[in-house]
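Colleague: Pasting a structure below so you can have a look.
The values are calculated or read from the model by the stated rules, or taken from the named source; none is laboratory data. On a predicted model such as this, the values are computed, not experimentally measured, just so you know. All Cβ positions, even for glycine, are placed from backbone atoms using ideal geometry, and neighbour counts span all protein chains on display. Quick note on the areas: whole protein, heavy atoms, side chains included, nothing else; ligands and nucleic acids left out. Shrake-Rupley method; radii C 1.70, N 1.55, O 1.52, S 1.80 Å.
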Amino acid sequence: MRIGEIAGLVGVTARAVRHYHHIGLLPEPRRRANGYRDYTLRDAVLLARVRRLTELGLGLDEVRDVLTDDAGRELVDVLEELDADLARQQEEIGARRERLGVLLGQARTGRLPVEGPVSPGLAELFGEMATASAALPGPEPAMAARDREMLALLDTVAPEAEGARLLGSLREMARAPGAMERAYEVYARLDALADAPAGDVRVEETARALAGLLPDDVVPHDLGGLDDGPDGWAFTGVFFADFSAAQAEVVRRALRIAVERAR
């Protein structure tokens, strides 16, 4: 048989057969006088075994280990390891499908935020924000949408335990009577400072209003680098990137006020 014939018989590509030869997985057959490879039934049997093993999920190095062990002990070890790996994958897929089911439920009922997918807890907080926004007489403040974007970023990059702690504090704050309404008042004030300089007379009042919303356990203990501007903290740099001078100053002052309050 020529290479195209054995490939067609076993159900693989001629390119795959050549690759198996190149890496030493499949021995080179004898060649005819014209230089073409001449495959035998034994070559087809070996190639078929390679196909079966790879279809089980074995890597080519593992297939080589199996083929070089005549006693079959290596095959048992490899298959047991593969079975354990598939069990882990099955568990992970189950967890992902469970999470996907929650997201599908939110999407089908119109509750999936545009910033999604996010964690279930953050999705609930965004839902509470949407309820508060719907009660406003006008459009939602741009700062509210930006805040959700930053929370979604934190939801992705923060360590799991830290993210859960932060989210728990924010949700507890949001459940306090009138807290969400006050938050949207601060968002509106920040929007009004979109083009204002840092010395605007409204900065101090807005900073105190913002500080009053911040739970003590989400306020950092160390504000080192905050006065250096966007380069002070890595995350602060991202947060301040699109702020006006007045908006950035509001956040800085609010954090200082909250830190002093927590001491």
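Colleague: For the range 88-119, enumerate the residues that are at pLDDT below 80 and open to solvent by less than 60 Å² (accessible area, probe 1.4 Å).
Modeller: LEU103, GLN106, ALA107, PRO113, GLU115, GLY116
Colleague: What single numbered condition from (1) open to solvent by less than 30 Å² (accessible area, probe 1.4 Å); (2) modelled with pLDDT of 85 or more; (3) within 24 Å of THR206 (Cβ to Cβ); (4) among the hydrophobic types (A, V, I, L, M, F, W, C) fails to hold for ALA135?
Modeller: Only one criterion is unmet by ALA135, namely (1).
Colleague: Filter the range 186-198 down to residues that are in contact (Cβ under 8 Å) with a residue 24 or more places away in the chain and surrounded by fewer than 20 Cβ atoms within 10 Å (Cβ to Cβ), then give me how many there are.
Modeller: Of the residues in that region, 7 qualify.
Colleague: Could you tell me which of the residues ASP77, ASP85 is under 30 Å from LEU25 (Cβ atoms), open to solvent by 70 Å² or more (accessible area, probe 1.4 Å) and either part of a helix (DSSP H, G or I) or not polar (S, T, N, Q) (or both)?
Modeller: Just a single option satisfies the conditions, and that option is ASP77.
Colleague: Now a separate question. Count, please, the residues in the range 107-127 that happen to be outside any loop (DSSP other than H, G, I, E, B) and farther than 23 Å from VAL157 by Cα.
Modeller: 2
Colleague: Can we say ALA183 is touching a helix residue (DSSP H, G or I) at 6+ places or on another chain (Cβ under 6 Å), surrounded by 14 or more Cβ atoms within 10 Å (Cβ to Cβ), of a type in the set (Gly, Ala, Ser) and at pLDDT 90 or above?
Modeller: no
Colleague: Quick check: is even one residue across the range 166-180 in a helix (DSSP H, G or I), surrounded by fewer than 12 Cβ atoms within 10 Å (Cβ to Cβ) and more than 25 Å from the chain's Cα centre (by Cα)?
Modeller: Yes: the range 166-180 contains one or more residues that are in a helix (DSSP H, G or I), surrounded by fewer than 12 Cβ atoms within 10 Å (Cβ to Cβ) and more than 25 Å from the chain's Cα centre (by Cα).
Colleague: Has the range 208-226 got at least one residue that is part of a helix (DSSP H, G or I), under 19 Å from LEU125 (Cα atoms) and modelled with pLDDT of 90 or more?
Modeller: yes
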